[in-house]
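Please read the structure below before turning to the comments.
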Amino acid sequence: MLSDVLGLTPEEADTYRTLVSVASATPAELAELVGLNPLLVVRILGRLEGQGLAARSVDDTTRFVASPPAAALRALLVKRQNELRVAELELDSLDEIYRAATLGRGVAEVVDVIHGAEAVRERVGHIQLGARKETMNFVKAPFFSPGNMTDDAVIERGVRCRVLLERAMLDGGTPSFDEIAQARAAGEEVRVTSTLPLKLFIVDRELAIVPLLGSASAAKAGALLVHKSSLLDALIALFESEWEKATQFVTSEGALQNAPAIDDLDAQILSLSLAGLTDQAIATQLRTSLRTLQRRIRNLMDTTRVENRMQLGFHAARLGWLEAEQDGNTRV
């Protein structure tokens with residue numbers, strides 16, 4: 001924590017933490033306690049002394065004592081906070097310059113071409129980590145880069161992450177039901193649709209990446225990077241349209257509104273069934289037998305007093321069982 005927050009190296013943090021735990025120590029004594037080379041500890045103590053974290057003992061200048069943590073570390077913390085404020089101001093300034101330049105883009109500058117799979121991966125990861133408000137993602141096989149996976153750090157910052165999965169992904173078992181459930185628990189919003197027209201990744205409604213399909217090989221893969229423009233507006237509108245029509249992903253019975261008393265497995269079966277998955281795909285995703293799956297679907301139809309699955313789907317939609325489902329943030 002000290003090394004991450006205050007800019008100390010791991011060795012400096014360990015040495016200071018150890019020095020805090022003793023009344024005083026010589027470099028040799030400290031080196032033995034920390035398990036480092038004595039000459040390295042001498043250099044570390046010099047740096048800690050320069051940062052106000054350590055001082056020589058008044059009674060014996062060959063010995064070192066730790067400065068009071070509350071005072072010494074607070075001063076370093078304030079310094080780092082000030083540095084972060086300056087960095088934020090610089091970031092805002094650069095962002096304004098970038099936006100101004102973007103407004104002046106010509107037609108040829110609206111779309112950049114990214115060549116090569118590795119370049120695509122790097123660019124997607126870069127813009128995803130820089131997301132401030134929202135990411136929007138169409139996912140269909142095969143994954144074009146780790147950008148199909150939402151970074152936990154992005155979600156933890158409060159960025160809204162929406163992922164729309166093509167049903168074939170679930171039919172193929174990638175991602176698995178458990179992976180989606182974990183992602184939703186982390187806060188990602190996931191929906192399922194029958195087909196998607198293209199792969200798409202949008203960040204903050206300012207940039208979009210559209211992979212180029214049909215490449216002869218992964219080495220020749222590429223993508224289009226779309227900047228603010230009417231084209232980007234159209235891609236955002238496409239995402240929103242597909243999102244509204246998609247089926248919400250249910251992982252527990254508590255997510256269903258106005259539904260009968262059913263358990264989590266029944267709710268999951270209903271969700272995947274309404275998404276259009278085959279019985280075999282549902283059984284594989286939920287790790288249950290085909291016979292158990294079909295028996296539970298029959299029980300759901302009996303509970304709702306319908307004759308077939310089409311009526312079950314209509315019944316669930318009419319009563320708004322999925323409308324109260326709170327999309328949570330998957331790594332897809």
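The values are calculated or read from the model by the stated rules, or taken from the named source; none is laboratory data. Here the structure is a predicted model, which is why all the values come from computation and not from measurement. In this analysis, Cβ positions are derived from the backbone assuming ideal geometry, glycine residues included, and neighbour counts consider all displayed protein chains. Side chains are part of the model used for accessible areas, which takes the heavy atoms of the whole protein and leaves out ligands, DNA and RNA. Shrake-Rupley method; radii C 1.70, N 1.55, O 1.52, S 1.80 Å.
Some observations on this one:
- Filter pass, Ser24 being among the small types (Gly, Ala, Ser) and in contact with an Asp or Glu (Cβ under 9 Å, 6 or more places away or on another chain): yes
- Scanning the range 273-315 for residues that are open to solvent by 60 Å² or more (accessible area, probe 1.4 Å), at pLDDT 70 or above and hydrophobic (A, V, I, L, M, F, W, C) yields Leu290, Met310.
- Helices (runs of 4 or more DSSP H) wholly inside the range 164-272 containing at least 1 residues that are within 19 Å of Lys140 (Cβ to Cβ), modelled with pLDDT of 80 or more and over 23 Å from the mean Cα position of the chain (by Cα): 230-245
- Filter result for Ala70 (of a type outside the set (D, E, K, R), surrounded by 14 or more Cβ atoms within 10 Å (Cβ to Cβ) and either assigned to a helix (DSSP H, G or I) or at pLDDT below 85 (or both)): no
- Qualifying residue in the range 131-140 (condition: polar (S, T, N, Q), modelled with pLDDT under 80 and not in a helix (DSSP H, G or I)): no
- Check on Arg318, open to solvent by 20 Å² or more (accessible area, probe 1.4 Å), more than 30 Å from Thr135 (Cβ to Cβ), at pLDDT below 70 and out of contact with any helix residue (DSSP H, G or I) (no Cβ under 7 Å at 6 or more places or on another chain): yes
- Any hit, the range 95-107, residues being aromatic (Phe, Trp, Tyr), at pLDDT below 65, open to solvent by 70 Å² or more (accessible area, probe 1.4 Å) and part of a helix (DSSP H, G or I): yes
- Looking only at the range 43-63, and only at residues there that are among the hydrophobic types (A, V, I, L, M, F, W, C) and over 16 Å from Leu8 (Cβ atoms), the one that is least open to solvent (accessible area, probe 1.4 Å): Ala55
- When the residues of the range 141-163 are filtered to those that are assigned to a helix (DSSP H, G or I) and modelled with pLDDT under 65, the one that is most open to solvent (accessible area, probe 1.4 Å) is Pro146.
- Those residues of the range 8-42 which are open to solvent by less than 10 Å² (accessible area, probe 1.4 Å) and not in a helix (DSSP H, G or I), in sequence order: Leu8, Ala25
- Of the residues screened, Leu45 is one that is in a helix (DSSP H, G or I) and in contact with a strand residue (DSSP E or B) (Cβ under 7 Å, 6 or more places away or on another chain).
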